[in-house]
Amino acid sequence: MTTYSLRIPSSTRPFSNLIDNYGRQITYLRLAITDRCNLRCRYCRSETDVPYTPHEEILRFEELERLVRIFTALGVRKVRVTGGEPFARKGCLDFLRRLRKIEKLESLHITTNGVKIARYMSDLREMDIGGINLSLDTLDPLRFQEITRRDHLDAVLTTLQEALTHKVPLKINCVVLESTSDQEILALATLAKTHPLTLRFIEQMPFSGGNGNRLLEKGRLLGRLGAILPAMAEEMQNQPTTSRIFRLPGYVGKIGVISGYSRLFCQTCNKVRVTPTGMLKNCLYDSGALDLKQLLRSGASDEELSLAIISCTRNRFADGYEAERCSPKTCEPSMAMIGG
C-alpha cells in the first residue's frame with residue numbers, strides 16, 4: 001500500500017475541511033455514476049465509435065457510497081449525481097436514497113437529460129432532493145432531434161412539468177451552439193418568465209468525443225445574451241458558483257450564464273469531480289489527479305483514502321487554463337466520461 005505524506009498549512013484545521021493550495025475550500029462533489037446515456041448529443045459524443053466502459057471498470061454503488069461518506073467527513077456538503085445519464089444505470093433511485101441518509105451530506109442534487117426520470121419525481125420529492133438540473137437545449141422538436149439524435153423531447157418536457165408540479169427546485173441547462181438561433185434562446189428564456197426556475201445558458205465546451213474543431217470565443221455567449229435580452233440585471237452571489245445570475249423585469253424565474261470555456265469562476269472554485277471509473281479530477285480540464293478505483297480495490301482503508309484525497313486537493317491548478325496546459329491529452333474526451 002502506498003504511503004501518502006500530508007503537508008497542511010498551520011493556519012488550517014487538519015482533517016476538518018478540504019482546502020487547496022490556493023486557499024479554496026472544497027465543499028462540492030460531482031459524482032458521475034455511469035458513462036451511458038440514452039441521447040447522443042452532438043456536442044457531447046459521436047453517434048458511433050465511442051465505446052462504453054465495461055461494467056467492471058465502473059465504480060460499484062457500494063464504492064461510490066463509501067467515497068461520498070469519506071468526502072463528507074472531509075467537509076463536502078453538496079453532492080451532485082450525474083453521468084452520462086444517471087437514470088440510465090439500474091438502481092439509481094435506491095442509490096440516491098442511500099446517499100440522502102448520509103448524516104453530513106446537506107444537499108443532494110441530480111443532473112439529468114429528463115428522458116427517464118419523470119416517473120420518479122414523487123420519490124425524489126419525498127427524499128427531499130436538493131434540486132434537478134435538466135438538460136434542454138431547444139423547445140423545437142426538429143431541432144431537439146437534430147441535436148440529440150433522438151426523438152425524446154416530449155419525455156423531457158414531461159419531466160419539466162412533473163418537477164414544477166412536485167415543487168422540486170429546477171434549473172434548466174441549455175448549451176448554446178453555433179446553430180442556436182436567437183428565437184430558440186428567447187423561447188427558452190420564456191420558461192423562466194412564467195415558471196419559478198433558473199434557465200442557464202452554457203458555453204459550448206471543448207469536450208465532444210471527437211468533434212472538437214469548433215471556434216470557441218471567450219466571453220462571446222454573455223455578449224450575445226446581453227444583446228438578445230438587454231434588460232438583464234445581474235444578481236450578486238454570496239457563495240461560490242459557476243453561474244452568473246440575472247433578473248429580468250416581469251420574470252418569475254431567473255436567467256443564468258455559465259462560462260465554462262471562458263473559465264471566469266476558477267478563483268472561487270469549490271468543486272471536484274469523480275468520473276465513472278473512479279478518477280478524481282481537481283478541474284474539468286485536467287486529465288485526472290488521483291485513481292480512487294485503484295485505491296478502493298487494492299484494500300485502502302478510509303484513512304488512507306482520506307489522506308490521498310487531501311494530498312491530491314493540495315495540488316490543484318490555479319485555473320482551468322493552467323490545468324489544460326499541464327494535462328496532456330491523447331484524445332478529446334466525451335463529457336459523458338468526465339461527469340456532465
* **2 or more residues in contact with a helix residue (DSSP H, G or I) (Cβ under 8 Å, 6 or more places away or on another chain), of a type in the set (A, V, I, L, M, F, W, C) and at pLDDT 85 or above: qualifying helices (runs of 4 or more DSSP H) within the range 267-340** => 292-297, 302-313
* Asked: Would you pick out the residues in the range 237-257 that are at pLDDT 90 or above and in a loop (DSSP other than H, G, I, E, B)?
  -> Leu248, Pro249, Gly250, Tyr251, Val252, Gly253
* Give me the pairs: first residue in the range 35-49 and open to solvent by 30 Å² or more (accessible area, probe 1.4 Å), second residue at pLDDT below 80 and among the acidic types (Asp, Glu), beta-carbon distance under 9 Å, and six or more apart or on different chains, which are they? -> Arg40/Glu47
* Kindly state which helices (runs of 4 or more DSSP H) lie completely within the range 61-142 and contain at least 2 residues that are more than 30 Å from Ile19 (Cβ to Cβ), at pLDDT 95 or above and open to solvent by 10 Å² or more (accessible area, probe 1.4 Å). => 92-100, 121-126
* Asked: If you check Glu234 against the conditions, is it under 27 Å from Leu153 (Cβ atoms), modelled with pLDDT of 90 or more, among the acidic types (Asp, Glu) and not in a loop (DSSP other than H, G, I, E, B)?
  -> no
* Residue among Arg247, Arg316 that is basic (Lys, Arg), out of contact with any strand residue (DSSP E or B) (no Cβ under 8 Å at 6 or more places or on another chain) and touching a residue at least 12 places away in the same chain (Cβ under 8 Å) -> Arg316
* To do: Can you tell me which residue within the range 168-189, out of those that are among the hydrophobic types (A, V, I, L, M, F, W, C) and open to solvent by 30 Å² or more (accessible area, probe 1.4 Å), is nearest to Arg224 (Cα to Cα)?
  => Leu186
* To do: From (1) open to solvent by less than 30 Å² (accessible area, probe 1.4 Å); (2) modelled with pLDDT of 95 or more, pick out the condition that doesn't hold for Gly260.
  => (2)
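The values are calculated or read from the model by the stated rules, or taken from the named source; none is laboratory data. Keep in mind that what you see is a predicted model, and the values were worked out from it rather than measured. Here Cβ is always computed from backbone atoms with ideal geometry, including for glycine, and neighbour counts include all displayed protein chains. Note: areas computed on protein heavy atoms with side chains; ligands, DNA, RNA excluded. Shrake-Rupley method; radii C 1.70, N 1.55, O 1.52, S 1.80 Å.
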